[in-house]
Each structure stands twice: as structure tokens, then as C-alpha cells.
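As C-alpha cells, the structure follows; a few thoughts come after it.
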Amino acid sequence: MKKEYTSIKFDYNNMMSTYVGAEQGITDKELAGTKNLAVQAHTYFKLNRGTGMMGWSELPYNQAEVVKDIMNTAKIVRRNCDAFVVLGIGGSALGPMAVFQALCHLRHNELKRNQRKAPKFYVEDNVDPERMASLLDILDLDKTVFNVITKSGSTSETMSQYLIIMNILKEKYGDKANEHIIATTDAKNGNLIKIAKKENLKTFIIPDGVGGRFSEICPVGLFPAAVLGIDIKEMLKGCAHMDKLCRKSDIKSNPALAAAALQYLAIQKGKNISVMMPYADSLKLMADWYCQLWGESLGKAVNNKGEKVYVGQTPVKALGVTDQHSQVQLYTEGPFDKVVTIIGVENYRKEVVIAGGCEDFPSVSFLSGHTLNELITSEMYATEYALTKNNRLNNMITLPEVNAHTIGQLMFFFMLETAYIGAMFDINTFNQPGVEEGKNATYALLGRAGYEEKAAELKARPQKSENYII
Ligand code: PA5
């Protein structure tokens, strides 16, 4: 029998002037005024889907073969390994981390092997020497598989990690070192594909038109997820489900297009910060993933016509309820420069009852008999209320439950929203020239051949003055 799926919900009442006041809020007229822009963005997406840098939009539909390979390889890794380590950064790390946290036990690595039914999971997305050294202290290499992931095949951070790990593995296992490393990279570009061939590494290919921050639903994210026992077919079905919900060019019936149009209008009103605030620990790293997607895609100096535009909206991550005791004061009373997106969960996967006691203290004992589920949900609605009462733009995305299908929906929703708003700003959503500048400067500082000119440019920069160092 065909399974009925419930969709995630996007509620934008509190973006509207009726609820947050005429001074800050968006009017129905303003929203209706984005019609042409929305149709344009939607048409652009429709015409370009599956081509150029929009290869990611077809991923829910065109991976049957690779999914088989992923599942077969993952089965072997799951059976034989006690630790699975991703070596990657940016889009090659944040998706796998977000999905792991959303869909595995929140204390996965601390569970006993028979409880977790999958290897321990680590993502090394930094080159802090202390972090790498500490990882090496705890790993049992005999039972560890590394997954080196890089689309460009040449990112210094990831390739340094690869060099360190491969050297250790070769010293220990000689010719069999390759049994401990799996590569995920581009089929043609970069060094990793050549190295993988030379070292005879099992390799997954990142398809064309799939940039780092749009790569979670290709082997970059699907293979680690499958190793963890996550139902990747359900995740892809969730993406397809959202894709279908977003097929129309009318904002009233396309949630991702509506979200993009609202953020577009909010930015015109000076809301230069987008706060992503899930009320679930399982979605904490989803906010990190969103921050990269939103920040790197939309922060652009020039538009497609080559004009200077300096657009973007600074993404900020927050966690409900934790950040109610840290950030919400600022969100409710500080500058009117934010849109807060709350992510709620209708049914948490566990229920915890607050025990009785402290009967002599009514201001404590009123909590007894309630559940933590009720407490977190009430606090979420209380924050929504406080923000709205203080005329702060906010909206709410509700997941019926956190599962592979709804996570697929949520991630695809954000990817579509990002693509739409990028088209509204007429920018290249899929490049990252600002990141490249830093990458090139690093190569120059470390003496990479071919970067002599950049090294000279760096050398010629104004030297720092002792006057400004205390
Ligand atoms: O979104 C992007 O393209 C970037 O953030 C990349 O993911 C990041 O720079 C890592 O690049 P690569 O996967 O090529 O190592």
C-alpha cells in the first residue's frame, strides 16, 4: 500500500503587518507586488533545473544506481567498522553532520555497539592540530574507515587530512591501506580523483552541477547517512515530496517561493539578519547547514549583469529553548534587523514526564505532571508570542516529526528557497568567489607552485603597525 506522507508546514502569519504592525510588517499588497519577481524566479528555476549548477534539483530522481552502490558499500562498512570518519569541510561536512544529528540517537557515539548498530561517527571539518591529534588518540584504526570528501578535489584542509591519515594507514597496513579510505569527489576535476585511481580507492562521484552546499542529497551526504543506518531512500522521497509541493509559480501554493519572497521583502525593510532557531536538539546542526547555504549562496558583491550590489542576509543560528536565555532578549528588544525562523516539531520521538515533588513550593510543583514535550512546545509558542508582540518578524516551520522523509523535505525546502531568492536578486547563487580568495591566499602563504604572484601581492600588503597592538 502507498504510504501517506505528512508535509512540513510553513506559517508566515507573523511576517505580516496584521500581526507585527504596519511599521515592520509586510502588507498583503507588498506580498502580492512580488508576483512578477516570483514568477520570474520560478521560471528561471524551471528552465534551468537539472542543468548548469542546478544539477542538484534532479537528485531526488536520478540516483537509483548509485543508491544501490551506496547501500551495498555502507552495509560492509557498518558490519566491519567501529568508527567512520568524514574528512571534509563546508558543504562536504555540514550536511552529513546535520543529518547525523537529526536522525541518529543524540548520544550515538556513547551508546554500546549493539545499541547503536552502526559505527561511531566523526566529522573532521577543521585543521586544528589539537583536534586531529585527539581523534588519532581515540581511534582503533583496525576498525576505522575514513571518507575523504571534496568536490574540488584540492581543498587544502581536506587534502592535508588525507595526507596525514593515508601516511599513517600506509605505515600500518602497507598495500592494504586503501581498504580504510573511501573517496567522494568530482569525476574529472581536481587531484582527489587522480589520487583515488592511483591508490585504488573505492570512489563515489559527486555529480555535475552539484556544488558543496547543495550536495547533501548526493553521495556526499547519502553515503555517510547509509553507513549510519539512515533510510536514504526515504530522505530522497522527502526531497521529491517537497519538490512537488513547490511546482507552481504562485506564492500561495509554493511554500519555498513564498518564503523566498517574504525574505526578499524583509531585506528591503532592513532585516539583514536571518535567525534559524529550531526547538529541537536534533535540528541544531541543521541550523549550521542552513547558515552556510544561505550565507555563501546569497552574499555576493555583483549581480549577473556585473553591477555592484553587495547583497546577502547574515544567517545566525540559535537553539530553542537554550538561546531564550542568551539571545532572545536581543531578538525581542534590539535593532529591528532580523527575521526569526522558528522550527517546531509536532511529535518528539520521546516523551519525558516531569516528576512530582517539591509540593511545598507551588511555583515549582506546577511543573509536575507536565511533560518536557509540553514545556519545550509552550516555550516555543511563548517566544513566538513575545517576538510578535514586540513587532519582530518571525515565521514558523513545523515538522510533524523528525524522520528521514521530513528531513528530506526540510533540506529541499531550504535549497529551493535559496535558489529562488538568488534568482530574485539576479545573482549567481552557486559560486563563492569570496571563499576562493582566502583559499588562494592560503596556497600562496604555504608556497604552492603557481601562486607566486599572489604571494608577492600578500608580501606587498601594508605591514601591521605596533601602534595598534597592545
Ligand atoms: O559550498 C561550497 O561549495 C563550499 O563551501 C565547499 O563545500 C567547501 O569550500 C569545500 O569544498 P570542497 O568540497 O571542494 O573541498
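Taking region 87-115 as the range and being closer than 23 Å to residue 345 by Cβ and either aliphatic (A, V, I, L, M) or in contact with a Pro (Cβ under 6 Å, 6 or more places away or on another chain) (or both) as the test, the residues that pass are 94, 96, 97, 98, 99, 102, 103, 106, 111. When residue 398 is tested against (1) of a type in the set (S, T, N, Q); (2) in contact with a helix residue (DSSP H, G or I) (Cβ under 9 Å, 6 or more places away or on another chain); (3) not in a helix (DSSP H, G or I), just one condition goes unmet, and that condition is (2). Could you say which residue among 14, 36 is in contact with a strand residue (DSSP E or B) (Cβ under 8 Å, 6 or more places away or on another chain) and in a helix (DSSP H, G or I)? Result: 14 is the single residue among 14, 36 that is in contact with a strand residue (DSSP E or B) (Cβ under 8 Å, 6 or more places away or on another chain) and in a helix (DSSP H, G or I). The residue that is least open to solvent (accessible area, probe 1.4 Å), among those in region 287-310 that are without any contact (Cβ under 8 Å) to a residue 60 or more places away in the chain and closer than 16 Å to residue 417 by Cα, is 287.
Checked against (1) within 13 Å of the ligand (Cβ to nearest atom); (2) open to solvent by less than 40 Å² (accessible area, probe 1.4 Å), residue 182 passes all but condition (1). Within region 155-184, residues that are of a type in the set (A, V, I, L, M, F, W, C) have Cβ atoms under 8 Å from residues that are assigned to a helix (DSSP H, G or I) and open to solvent by 30 Å² or more (accessible area, probe 1.4 Å) in these pairs: 166/199; 168/136; 177/170; 177/199; 181/199; 183/195, counting only partners at least 6 apart in sequence or on another chain. When only residues in region 423-470 that are within 16 Å of the ligand (Cβ to nearest atom) and of a type in the set (Phe, Trp, Tyr) count, which is farthest from residue 42 (Cα to Cα)? Restricting to residues being within 16 Å of the ligand (Cβ to nearest atom) and of a type in the set (Phe, Trp, Tyr), the top hit is 443. In region 390-405, the count of residues that are closer than 17 Å to residue 342 by Cβ and among the hydroxyl-bearing types (Ser, Thr, Tyr) is one or more.
Let's see how each residue does on (1) at pLDDT below 95; (2) away from the ligand (no atom under 16 Å from the Cβ); (3) open to solvent by less than 30 Å² (accessible area, probe 1.4 Å):
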| residue | (1), (2), (3) |
| --- | --- |
| 89 | no, no, no |
| 109 | no, yes, no |
| 117 | yes, yes, no |
| 159 | no, no, yes |
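Among the candidates 252, 248, 197, single out the residue that is surrounded by fewer than 22 Cβ atoms within 10 Å (Cβ to Cβ), more than 19 Å from the chain's Cα centre (by Cα) and in the same structural domain as residue 153 (by TED's automatic domain parsing). Step through it out loud before you land on a result.
On the way: 252 fails: in the same structural domain as residue 153 (by TED's automatic domain parsing); 248 fails: in the same structural domain as residue 153 (by TED's automatic domain parsing).
Step by step, each of 252, 248, 197 is checked, and only 197 is surrounded by fewer than 22 Cβ atoms within 10 Å (Cβ to Cβ), more than 19 Å from the chain's Cα centre (by Cα) and in the same structural domain as residue 153 (by TED's automatic domain parsing).
Of the helices (runs of 4 or more DSSP H) lying entirely inside region 87-143, those containing at least 3 residues that are over 27 Å from residue 278 (Cα atoms) and among the hydrophobic types (A, V, I, L, M, F, W, C) are 129-138.
The values are calculated or read from the model by the stated rules, or taken from the named source; none is laboratory data. This structure is a prediction, so every number in the text was calculated from the model and none was measured. As a convention, Cβ positions derive from the backbone with ideal geometry for all residues, glycine included, and neighbour counts pool all protein chains shown. Just the protein is used for accessible areas: all its heavy atoms, side chains included, with ligands, DNA and RNA removed. Shrake-Rupley method; radii C 1.70, N 1.55, O 1.52, S 1.80 Å.
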